[in-house]
Structures are given as structure tokens and as C-alpha cells.
1. Would you point out which residue out of A163, A177 is closer than 29 Å to L360 by Cβ and either touching a helix residue (DSSP H, G or I) at 6+ places or on another chain (Cβ under 8 Å) or surrounded by 15 or more Cβ atoms within 10 Å (Cβ to Cβ) (or both)?
2. Can you tell me which residue within the stretch 167-195, out of those that are farther than 14 Å from H109 by Cβ and free of Cβ contacts under 8 Å to residues at least 24 places away in the same chain, is farthest from the chain's Cα centre (by Cα)?
3. Name the residues in the stretch 117-133 that are assigned to a helix (DSSP H, G or I), among the hydrophobic types (A, V, I, L, M, F, W, C) and either open to solvent by less than 30 Å² (accessible area, probe 1.4 Å) or without any contact (Cβ under 8 Å) to a residue 24 or more places away in the chain (or both), would you?
4. Suppose we filter the stretch 88-116 for residues that are in a strand (DSSP E or B), more than 21 Å from Y301 (Cα to Cα) and in contact with a Ser or Thr (Cβ under 9 Å, 6 or more places away or on another chain); how many remain?
5. Only one of these conditions is not met by N231: (1) more than 16 Å from ligand 2 (Cβ to nearest atom); (2) in contact (Cβ under 8 Å) with a residue 24 or more places away in the chain. Which number is it?
6. G241 fails exactly one of the following numbered conditions: (1) more than 16 Å from ligand 1 (Cβ to nearest atom); (2) on the phi < 0 side of the Ramachandran plot. What is the number of that condition?
7. From S318, S339, which residue is surrounded by 20 or more Cβ atoms within 10 Å (Cβ to Cβ) and more than 18 Å from the chain's Cα centre (by Cα)?
8. Determine which member of the set D183, D220 is among the charged types (D, E, K, R) and within 30 Å of N148 (Cβ to Cβ).
Amino acid sequence: MTDPVQKPVREIRLNPVVPSESVLVATARSMRPKKAEEPAPRDTRAHVETCPFCTGNEHMTPPVIATFPGEKNWEIRIVENLYPVLGDDRSNPNLSFGLQQTIDGYGRHEVIIDHDRHGMAIHEMSESHLALLFSVYRDRMEQLYQSNRRLRYVLVFKNFGPAAGASIAHTHSQVIAMPVIPDNVQAELTNSRVFHLRDHHCIFCSLIDEALTFEATIYDRDSGEIRRQINVGQYVIERVGKFIAIKPFASRYEWEVHVLPLRHQSDFLHISKDDLADLARVMRRTMARLDAVLGGAQYNYFLHSLPHDKDFEDCAASYHWHIEITPRTSIPSGFELGSGLFVNTVSPEAAAEKLRAVVLD
Ligand SMILES: [Zn+2]
Ligand SMILES: [Zn+2]
Ligand SMILES: [Zn+2]
């Protein structure tokens with residue numbers, strides 16, 4: 001595969017939903033010498049004798065919460081996290097002392113064992129299995145929201161591969177129910193609400209419309225040279241049934257891709273059975289593209305959906321649930337940590353073209 005011919009880019013791109021999450025796209029940096037891409041080593045074994053998440057070792061996990069389709073011959077299993085970051089076992093009052101303020105670490109932290117086979121990647125799972133997995137996400141989120149009014153947000157995410165922070169190689173997702181709404185979700189909620197008040201549109205729906213219809217050529221006023229060419233579908237990676245996978249114009253991670261329902265839906269808990277099948281397909285195909293381009297993708301993905309919280313009850317028309325997939329190909333540097341400005345060395349246009357060029361069976 002050859003790189004598409006593109007002019008080097010050096011510009012700060014503003015994230016249209018959350019301007020504070022902007023990115024410096026500087027593609028000349030990717031010309032710096034570096035060793036050839038080697039496929040990331042990955043544990044592909046089907047069964048590992050000593051793995052607590054493998055079949056036959058069920059006694060090694062913390063207490064089980066649920067199994068699917070049933071307890072025997074389970075394919076997906078929810079268990080408590082052995083080292084929870086939040087817990088509901090004790091209740092500490094909130095504390096405020098001078099500038100030190102704390103909110104009690106009340107919550108739930110659970111592990112979803114995604115598959116009975118140890119080293120199974122998302123793109124290797126069957127679509128029916130993935131549909132079951134996403135229905136497990138939905139149902140567990142719903143149960144947790146209903147379990148206690150203090151839980152303001154339920155975050156579902158997956159770390160895959162050591163570079164993405166996965167400490168257990170067996171494929172798994174995590175659910176954290178927390179007493180606060182994460183900052184990034186809150187920023188998305190409030191900014192999209194402001195956009196809706198002004199434009200009477202959902203900003204995410206507008207982004208999808210732009211990705212599917214927008215076309216423009218921007219010329220330099222003095223030289224008459226083309227400064228930017230935007231083609232229809234340039235940022236679209238996949239379109240399956242009622243879902244779309246988009247490469248964001250202001251991607252903070254080189255191979256970041258977002259998956260959204262094409263039709264407006266704020267709350268992931270409202271997804272229908274048919275839509276789960278489409279979501280399974282768009283996710284499998286997108287992950288297969290990433291895996292092919294990266295030679296074994298290590299990534300995080302996380303689900304952003306409308307919180308069940310009175311402060312955001314009015315956001316159903318302005319917020320749009322989505323999954324953000326962020327493959328890990330570089331480690332944030334001092335510049336990124338010190339400035340909060342992420343550096344992306346692959347132009348999103350080139351990345352989208354590469355991902356689309358992968359031939360899937
Ligand atoms: Zn295992
Ligand atoms: Zn929308
Ligand atoms: Zn988001």
C-alpha cells in the first residue's frame with residue numbers, strides 16, 4: 001500500500017464539539033527516521049491454563065454478576081473487579097477542607113469477559129457474538145443506573161493490548177459506575193446543548209451530514225493555489241445499515257475513529273435489537289481495518305452516552321451517543337502533557353484514505 005500523496009500539514013485543528021480538545025496536526029514529524037512498523041506482539045492463544053478469565057478457572061475470578069447465554073458454556077461473563085478503582089462497600093462523607101475537596105469514591109467497577117477464548121480480538125469475533133456483547137453493555141448500564149441514584153455516569157470501555165493499559169491479556173471490557181460525570185462527557189453535553197440552542201440541530205448529526213455531503217475547494221487569495229480540497233465522504237471509514245464510522249477532522253490520536261448511529265439517538269440504552277446487529281458489523285469492520293493498517297492494533301475504545309442525570313435531562317435532542325476508538329501508536333510527550341495540545345503526525349485525511357483502502361472479505 002502506498003501513502004496517498006498529500007502536502008505536509010502543520011495546523012492546529014479545533015475540535016468542533018469540544019474546542020479545548022484541539023490538536024496540532026504536524027505531519028512532517030512522521031518523516032523523522034524511525035524503524036519499520038513491526039506487528040505488535042499479541043497473545044493469540046485460545047486457552048491459557050493460568051488465566052483467571054479462561055474457561056475452567058471460573059473459581060479464580062471475584063464473584064460473578066452474570067453469565068451469557070447461560071452459566072454453563074458461557075461466552076460472556078460479568079465479574080467484580082479484583083482491584084476496583086471505585087467501590088460501594090463503605091460510605092465516606094464528602095470532604096471539604098481549605099482547597100482540598102473530595103467526593104466520596106462511591107461507585108462500581110466491573111469486568112466484562114468479552115469472550116471465552118483468551119486472545120480473541122474484536123475483529124475476530126462473530127457479529128452475532130459482538131451483538132450479544134453490546135447488548136450486555138446496554139443491559140448492565142441500565143441496571144447500574146437503576147441501582148442507585150448517586151451513580152451519575154456509567155462508563156463502558158475496553159483496553160486492548162499492553163500499550164493500551166490492559167493488565168490482563170484475556171480479552172475484556174470494563175464498566176465503571178461513578179458519582180460524577182466525566183469532564184469530557186460534560187464538555188460534550190454542554191457544548192452540544194449550546195450549539196442546539198443556537199442552530200436547532202444536533203452537532204453530531206451535523207458532523208455526519210458534513211461527512212456525507214460536504215465538498216469544497218479553498219483557494220489561496222494571493223497565489224490562487226489550492227489550499228484545501230474537501231471531498232464527499234473523505235472522512236467516512238465505514239457505513240453499515242444505520243451506523244457510520246468517521247475519522248474526525250481534529251483527531252487527537254493518529255488512528256482515532258468514531259462510530260455513531262446515523263439517525264439521532266442520545267441514549268445508547270435506546271438501541272434496538274436490529275441496531276445492535278448493525279453496530280456489531282460496523283465495529284467488526286472498523287476494527288479489522290485498523291488491525292490491518294497497524295499490523296495488530298492496541299487500542300482503547302469507550303462509549304459516550306446521555307447520562308441519567310437531572311442536570312442533563314434537556315440534552316436528548318442535542319446529544320448523540322458514540323463510541324470513540326483510540327488506537328495507541330505513540331506515547332504522550334512532555335509537550336502534550338504540559339500544553340494539553342495533542343500532536344498528531346498523520347493527517348486525518350491520509351489516515352482515512354489508508355483505512356478505507358483495506359480490502360475486507
Ligand atoms: Zn484467558
Ligand atoms: Zn444527533
Ligand atoms: Zn465523546
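The values are calculated or read from the model by the stated rules, or taken from the named source; none is laboratory data. None of these values were measured; they are calculated from a predicted model. Here Cβ is always computed from backbone atoms with ideal geometry, including for glycine, and neighbour counts include all displayed protein chains. Ligands, DNA and RNA are stripped out before the accessible areas are found, and what is left, the full protein with its side chains, is counted by its heavy atoms. Shrake-Rupley method; radii C 1.70, N 1.55, O 1.52, S 1.80 Å.
1. Numbers: A177 fails: closer than 29 Å to L360 by Cβ.
Exactly one residue qualifies, and that residue is A163.
2. V194
3. First, pick out the residues of the stretch 117-133 that are assigned to a helix (DSSP H, G or I): 122-124, 127-133.
Filter once more, keeping what is among the hydrophobic types (A, V, I, L, M, F, W, C): 122, 130-133.
Within the stretch 117-133, I122, L130, A131, L133 qualify.
4. So the answer is 4.
5. Only one criterion in (1) more than 16 Å from ligand 2 (Cβ to nearest atom); (2) in contact (Cβ under 8 Å) with a residue 24 or more places away in the chain is unmet by N231, namely (2).
6. Of (1) more than 16 Å from ligand 1 (Cβ to nearest atom); (2) on the phi < 0 side of the Ramachandran plot, only one is false for G241: (2).
7. Testing whether each residue is surrounded by 20 or more Cβ atoms within 10 Å (Cβ to Cβ) and more than 18 Å from the chain's Cα centre (by Cα) leaves just S318.
8. On the way: D220 fails: within 30 Å of N148 (Cβ to Cβ).
None of the other options fit; the residue is D183.
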